[in-house]
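Note sheet for the following structure.
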Amino acid sequence: MANPLPPLSLLETRVLATLVEKQRTVPDTYPLSVNALQAGCNQKTSRNPVIEASEADIVQALDTLKSLWLVNEVSGSRVSRFEHRLEKILGVPTQASALLTVLMLRGPQTAGELRLNCDRLHRFADISSVEAFLEELANREEGALVVELPRLPGARENRWAHLLSGQPEIEAAPPARASHSANQEIEELKARVSALETELAEMKTRLAAIEA
């Protein structure tokens, strides 16, 4: 069965996923103002692709998400703030929403990459637990939310993609990689740098919320 929601645009998934991410990583700034949400969507780290959305773009995306009940505007604040309703509307647990969030923020990834990149949203015990939740999301009676992509030539693992924007395009094979051991060291360094850059981005989000 197809996903019952209409396909979301890249920016709409970015807004929705940023709300989920910031709820878990910087809860003291959540719900988010438009200013803080714009900063989170336009982060240069932990985002693929990197975008430059204007405030008007963010507001338009929020309007669409509100019409689908995926986002709710919170009253009682001097500045308009927004919260997501992802788990409630899609009927998924927090573990599954963490996987969807990282797929929406970073694009297709393997189960191993998802376990690493989800760590600050939900800490999975092992890769098999990640795969179990991915299988549940792919085989839901209400409609699949993820799909396993065909393995690229030379790749060790299959990647997964979310289906909230419809069927993903199949990418061309990447250039040949270095040896496994050297590549593993590079990936570990990248992960460490990404974690530091993400912490810096969240500090900027806090600052934007304070300025707002």
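Just so it is clear, none of the values below were taken in a lab; they were calculated from the coordinates. Owing to the predicted nature of the structure, the values given are computational and were not obtained by experimental measurement. Don't worry about glycine lacking a Cβ; one is built from the backbone with ideal geometry, like all the others, and counts go over all protein chains shown.
Things to note:
- Where labels lie 7 Å past Cα in the beta-carbon direction, separation of Ser165 and Asp126 in nm: 3.4
- When each of the peptides 202-208, 57-63 is scored by how many other beta carbons lie within 10 Å of its residues on average, the order from highest to lowest is 57-63, 202-208.
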